[in-house]
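Okay, structure first, notes after.
Laboratory data are not the source of any read-out in this text; all were calculated from the coordinates shown. The model shown is predicted, which means the values in this text are computed figures rather than measured ones. When we count neighbours, we look across all protein chains shown, and the Cβ atoms used for this are built from the backbone with ideal geometry, even at glycine.
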Amino acid sequence: MSRLKLGVIGAGVWGKNHVRTVAGLADAELAAVCDTDTKVRDRVARQYPVTHVTADVVDLLSQVDGVIVASPAASHARIALQCVEAGKPCLVEKPFALTVRDAEAVARLAADRKVSVAAGHLLVFHPAVERLRALVQEGELGKIFYLYGLRVNLGQIRADENALWSFGPHDVSMALYLLNDQPIRVAAQGRSYLQPGVEDVVFLTMEFASGILAHVQLSWLDPHKERKLTVVGAKKMVVFDDMEPREKLRIYDKGVDRPPEYGSYGESLAIREGDIFIPKIPNIEPLAAELGHFVRVARDGEVPRASAADGVRVVRVLDAATRSLAAGGTPVTL
Ligand SMILES: NC(=O)c1ccc[n+]([C@@H]2O[C@H](COP(=O)([O-])OP(=O)(O)OC[C@H]3O[C@@H](n4cnc5c(N)ncnc54)[C@H](O)[C@@H]3O)[C@@H](O)[C@H]2O)c1
């Protein structure tokens, strides 16, 4: 089978990881890279002498079978529409778009033209998240009560998107994927300490119809680097710590048991502290898994694990959170 010709649009801080990963794929080749910055183009041309390097999206589209869009967020929807118009499947980095309208326009055109569009929700390809999803969906944790995540560190401080739009897509897409559900209400509070109008820290809460509450703390102004998610179920609890080099998931056989004769007295609730289990998680780089999957989407028509519709769902949550932020944290119904 011939190797799929992939192109990357935007080879900056993150896009260069796409470039490197595509170049290493067995069943695809790095056919073209497009970047508006001359210095970036020169670097790519030096590193990948046989790759077509250009400043023009249309030129890139003429060279490839599929596209990864890793340019700044404000250009995602416009470039994704260009890819779909040209009939080229594309994977659009997070955030999928900056408005619900733009996200829906991409999803609609993709459906009309029958061109596959994937959302760059990297964490749904994390092997620990896949395992965690199975635990949640197969009932191993019992009824899910709530979950909370921490995504904090110092930098990269962005001027064109706040901590909600920069980090939030990861946690929102992960929560929606784990629960296989969408929130009905969203509330967010945040503050801009470093640049006016660009929140450095955001506390986001999502409420699901099932009663599940999901909370996320997002910040690029924090002394710690934390990438953590805790899921609390009626039977078991799990902590996913992505800063751990190997033991990324810990399953706690802990909970509070309610005896059958339980009345209304709290003291009859029994705390259960059982074993802690650390499953072996395959050591697969999520980006390599995401791009390997995208090759199958673009070449074989496999259904994207994170589709344009998923991109729209996450943008809807971020948009509602933005409205809540502007209203000082008042919950917004979706
Ligand atoms: N999935 C992840 O884990 C992850 C991590 C970091 C960033 N991102 C996302 O990736 C995107 C890029 O982020 P970054 O940190 O690499 O930004 P960046 O500013 O470092 O890089 C963007 C690159 O795109 C180029 N560019 C700008 N406009 C362009 C256009 N119209 N056509 C072609 N090239 C253009 C710029 O010259 C630059 O080289 C953002 O949406 C960001 O949120 C995703």
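General observations
- Inter-centroid distance (Cα atoms) of the range 193-251 relative to the range 71-105, Å: 27
- Relative contact order of the range 28-124, taken over Cα pairs closer than 8 Å and 6 or more residues apart, is 21 percent.
- Size of electric dipole in the range 112-247: Cβ of Lys, Arg +1 and of Asp, Glu -1, about Cα centre, debye, nearest 20: 240
- Charges were assigned to the Cβ only: +1 to each Lys and Arg, -1 to each Asp and Glu. The resulting dipole of the range 221-301 about its Cα centre is roughly 260 debye.
- 0 to 90° range, to nearest 10: angle between helix 127-137 axis and the chain longest Cα axis: 50
- Projected onto their three principal axes, the Cα atoms of the chain cover extents of 71, 46, 41 Å, largest first.
- The range 1-50: translational diffusion in µm²/s, Stokes-Einstein, Kirkwood Rh over Cα pairs, 4 °C, 1.567 mPa s: 118
- With all projection directions averaged, the alpha carbon convex hull of the range 107-177 covers 7.2 nm².
- Restricting attention to the chain, close to 60% of DSSP beta bridges with both partner residues there are antiparallel.
- Those trypsin sites (Lys or Arg not before Pro) in the range 87-139 that DSSP places in a loop and that have at most 11 other beta carbons within 10 Å: Lys114
- Listed residues Ala97, Phe125, Ala31: farthest to the positive end of the dipole of the chain (Cβ charges): Ala31
- Looking at the range 156-211, the pairs of alpha carbons with a distance over 12 Å make up 67% of the total.
- Hits among lysines - C-alpha to C-alpha of Lys235 under 19 Å, sequence gap 8 or more where chains match: Lys143, Lys254
- Annotation note: GluC sites (Glu not before Pro) in the range 111-180 located in DSSP loop regions with a Cβ neighbour count of at most 15 within 10 Å are Glu138, Glu140.
- Cα-Cα P(r), the range 193-312, percent of pairs per 5 Å interval: 2, 8, 10, 12, 15, 17, 15, 9, 6, 4, 2, 1, 0
- Cα long-axis angle, helix 163-179 against the chain (0 to 90 degrees, to the nearest 10): 60
- Neighbour cut-off at most 15 other Cβ (10 Å), DSSP loop, chymotrypsin sites (Phe, Trp or Tyr not before Pro), the range 230-334: Tyr262, Tyr265
- Over the residues of the chain, the helix contribution to mean residue ellipticity at 222 nm works out to -10500 deg cm²/dmol, using -39500 (n - 2.57) for each DSSP H run of at least 4.
- Percent of C-alpha pairs per 5 Å bin in the range 27-77, short distances first: 4, 20, 30, 28, 14, 4, 0.
- Listed residue (Ile276, Leu6, Val202) projecting farthest to the positive dipole end of the chain, Cβ model: Leu6
- Principal-axis analysis of the Cα atoms of the chain puts helix 38-47 at an angle of about 90° to the longest axis.
- Of every Cα-Cα pair in the range 108-242, the percent that sits beyond 18 Å: 58
- Sorted into 10 angstrom bins from 0, the C-alpha pair distances of the range 176-244 split as 17, 40, 33, 9, 1 percent.
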